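Worksheet: one structure, shown below.
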Amino acid sequence: MRMGSFGTGRAPATARASAALLSGVALAALAGTPAMAQDISGQQAVAGQNVDDAGTAKAAAEKNAKGATLLDRVLLLSRTGETAIESLSSSSHIDQEQLDRRMASTVSEMLYGVPGVAVQTGAQRVRSTINIRGLQDAGRVAVLVDGARQNFGIMGHDAESLLFIDPDLVKQVDVIRGPVANTYGSGAIGGVVAFETKDASDFLHDGETWAASTTGRYETNGQGWTTGATGAYRFNDAADIIANIVWRDYGEYKDGDGDRVGGTGFDMLSGLVKTTIRPTENSELKLGWIGSKDDWSSVGGDENYDVKQNTFTARYNITDEDRKWLDLHINTSFSKVDMDRERASGITNYGLDTYGLDIWNTSRFDTGEFSHEVTYGGDWLMDDVATHAPGGGSDFFNPSGKRRLWGAYIQDKVTYDWLEVIGGLRYDNYSLKGNGVDNSGDRVSPRITVGVSPFDSEALSGLQFYGTYAEGYRAPTVAETLISGIHPGGAPFPFLPNPNLKPETAKTWEFGTNYRLNGIFNSDDNIRLKAAYFHNDVDDFIGFQEGNPTCSTPWPCSQQNQNFANAKIEGFELQSLYDAGWGYVGLSASVINGHKTDKSGIREELDTIPSAQVTGQLGLRFLEDRLLVGTEVQYNAAPRGNTVAGDYTLVNAFAQYNVNDNLKVDFRVDNLFDVTYVNALSDPSTGVLYEPGITLKLGATMRFGG
């Protein structure tokens, strides 16, 4: 959701002809091969492995030699042990190797090229709002870090849902698009993004008691430095611990025209501590802390921001193969975010405490020739927002209040030979209190999915078709309901609270296909493909409505969050990969269109629709798979009605070399042709924000242990 727009900057330059021509040739070549996917283009041997993970490289290579790709990896989000290629949903997996290959410093870089997913940042790159299928902000996309919900956000321009997670702390990211992810908490009508941080078992080699590593990285654009250190210790087979710290110091970057972009520098200190305890061979307890301290200044330099975030998690699971009814998980979490905004008038503090509890169990049994996986559970979440402003007043744009969400669900996954049926129901309940308002509501949301694998031949036995109908329910946030006050600056109109705001209800149809085949031209190659079409109707969509349309001022007479009649979004997503062992080629794509209609029938384009994207990737392995070199080509087409963004093409190149088991060197060039471009999700009311021009990255990781 965005506040009113009162001006636009000049339109950005389109992608340069040379880059467009090169990308067109590259994409044409890639399209001629039955393959694709950024978020699934994992390497099949140790060349892509982080030296931190060298202890599992042999096992990974053995698994990959049998034709496994990232689409064959079990999704962290799956509560029935599904892999991405098995999942009857539009899902993606990003592993440690891919994160290392991108040399990511932001959330946006971690999610590069994932179909249907975009990230809005604004000038402050540590502020990240994740967009799935044109939906973002206010919890429409559930973001989890080690199972803990990340709900912090402030009303205003640019990114609202502020996510702070350092890529160097993360080992994998899973994405499920659409409200089919209704077992993962309330409100996720857009989908779920789950970040999982590193464990000691990912770092320690077999037989090691301890290990440590240090990482250094330099980026030319903005003269950005990253330094980090990791240490792990294994007490015994039943307990281990890992700790990590990362420091980033980035200056303001330059765009493709060589102009410095103000306000884009930042400092970030992040860390984690996680211990894993295994009371029995069938149970596991993980206790963790992840925190960050981030600083930046506004573009004009008149505001300084200081953000501290701490997340504490405790996760327990017990699984017993002899008792197939038992696969129990209990997750608890507490997240605390404090943001100080310093202005001439004083310091305003925004605080959010989020408490979470998530319990579920999966029971497996057969009835005749039908296999069942019944998952049932419940979750509870509370957001406690507290705002303190100079002089004891309050910041009415981000008001104080409390919101409680809880739900319960049951889902049965039934499998019979060529047929798979998933049926589920979720009950949601919410209450919201603050400034004299006391709202509540509830709803039952269904889901039904039918998948068929109709062919028996070797070439087509891996082809699966599915169709899904799913509903989701999102309660209004405290800020959406209670926002009030006068807009600052040269547009002095009032914001009006709306205690009668209704929840949003999403109804989605999705039709998709999964395909996998091993041994196409030789025993080691394979192909994986997922494609889906979706149509999402969001009833009572929440957004700002302007006041009196006859008002003669250049700005609204007032603005208020109101329920539109609906928002309609549809699109297509593709992710695929062909891997021949000595190299791979991949292609991913997404096209999304959407609009909203108010109660009077007036239709307007959604300003949260991202660019249509086609991302091609090519990688080659040398020196017994210790050296990986490759390129990425991404074409972006501006969404309909967007007055800021243009069409552009980005070309990236990368190389990774495992010198030995204890030293790895990474090199990467982003935006090789120095294209000047604008993210389609940028808010034009704050001026045109150009993204970074050419950026060279060089990094090295040294490891030792015993």
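Yes/no matrix, rows are residues, columns are (1) in contact (Cβ under 8 Å) with a residue 24 or more places away in the chain; (2) among the hydroxyl-bearing types (S, T, Y); (3) farther than 26 Å from E510 by Cα:
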site	(1), (2), (3)
K599	yes, no, yes
A612	yes, no, no
L620	yes, no, yes
G646	yes, no, yes
N658	yes, no, yes
Y677	yes, yes, yes
S682	yes, yes, yes
G687	yes, no, yes
F704	yes, no, yes
TODO: Considering only region 581-628, give the strands (runs of 3 or more DSSP E) lying wholly within it that have at least 3 residues that are at pLDDT 95 or above and surrounded by 15 or more Cβ atoms within 10 Å (Cβ to Cβ).
DONE: 583-597, 612-622
Task: Residue identified as under 30 Å from E321 (Cα atoms), out of contact with any His (no Cβ under 7 Å at 6 or more places or on another chain) and free of Cβ contacts under 8 Å to residues at least 40 places away in the same chain among E82, E86 - done: E82
Open item on the list: Please determine whether any residue of region 690-700 is of a type in the set (V, I, T), part of a loop (DSSP other than H, G, I, E, B), open to solvent by less than 10 Å² (accessible area, probe 1.4 Å) and over 30 Å from L204 (Cα atoms).
Closed with: no
TODO: Mind counting the residues in region 339-365 that are without any contact (Cβ under 8 Å) to a residue 40 or more places away in the chain, farther than 11 Å from T387 by Cβ and not aromatic (F, W, Y)?
DONE: 7
Open item on the list: Taking the criterion of being in a strand (DSSP E or B), in contact with a His (Cβ under 8 Å, 6 or more places away or on another chain), at negative phi and surrounded by 15 or more Cβ atoms within 10 Å (Cβ to Cβ), would at least one residue in region 483-497 satisfy it?
Closed with: yes
- [ ] Take the residues in region 317-330 that are surrounded by 14 or more Cβ atoms within 10 Å (Cβ to Cβ) and more than 24 Å from the chain's Cα centre (by Cα), then tell me which one is farthest from T354 (Cα to Cα).
- [x] K324
TODO: Enumerate the pairs (first residue in region 254-271 and without any contact (Cβ under 8 Å) to a residue 12 or more places away in the chain; second residue anywhere and in a loop (DSSP other than H, G, I, E, B) and among the hydroxyl-bearing types (S, T, Y)) with beta-carbon separation below 8 Å, excluding pairs fewer than 6 apart on the same chain, so at least 6 apart or on different chains.
DONE: R260/Y253
Task: Count of region 114-126 residues which are modelled with pLDDT of 95 or more and among the small types (G, A, S) - done: 2
- [ ] Keeping to region 88-146, report how many residues are in contact with a Leu (Cβ under 8 Å, 6 or more places away or on another chain) and charged (D, E, K, R).
- [x] 3
Open item on the list: Going by what's in this entry, would K336 be described as open to solvent by 40 Å² or more (accessible area, probe 1.4 Å) and under 25 Å from M268 (Cα atoms)?
Closed with: yes
Task: Members of region 252-289 that are modelled with pLDDT of 95 or more, β-branched (V, I, T) and open to solvent by less than 20 Å² (accessible area, probe 1.4 Å) - done: T276
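Conditions tested, residue by residue: (1) among the hydroxyl-bearing types (S, T, Y); (2) at pLDDT 90 or above; (3) under 15 Å from the mean Cα position of the chain (by Cα).
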residue: S128; (1), (2), (3): yes, no, yes
residue: V145; (1), (2), (3): no, yes, yes
residue: N151; (1), (2), (3): no, yes, yes
residue: I154; (1), (2), (3): no, no, no
residue: H157; (1), (2), (3): no, no, no
residue: S161; (1), (2), (3): yes, no, yes
residue: F164; (1), (2), (3): no, no, yes
residue: Q172; (1), (2), (3): no, yes, yes
residue: V180; (1), (2), (3): no, no, no
Open item on the list: Being of a type in the set (A, V, I, L, M, F, W, C), closer than 12 Å to D338 by Cα and either in contact with a strand residue (DSSP E or B) (Cβ under 9 Å, 6 or more places away or on another chain) or assigned to a strand (DSSP E or B) (or both) is the requirement here; does V273 meet it?
Closed with: no
Open item on the list: Looking at V192 and the list (1) touching a helix residue (DSSP H, G or I) at 6+ places or on another chain (Cβ under 6 Å); (2) at pLDDT 90 or above; (3) crowded, with 21+ Cβ neighbours inside 10 Å; (4) in a loop (DSSP other than H, G, I, E, B), which single condition is not satisfied?
Closed with: (4)
TODO: For region 631-674, enumerate the residues that are more than 26 Å from the chain's Cα centre (by Cα) and part of a strand (DSSP E or B).
DONE: Y657, N658, V659, N660, L663, K664, V665
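The values are calculated or read from the model by the stated rules, or taken from the named source; none is laboratory data. Just so we're clear, the structure is a prediction, and the values are computed from it rather than from any experiment. Note: ideal-geometry Cβ built from the backbone for every residue, glycine included; neighbour counts use all protein chains shown. Note: accessible area is taken over every heavy atom of the protein model, side chains too, but ligands, DNA and RNA are not part of it. Shrake-Rupley method; radii C 1.70, N 1.55, O 1.52, S 1.80 Å.
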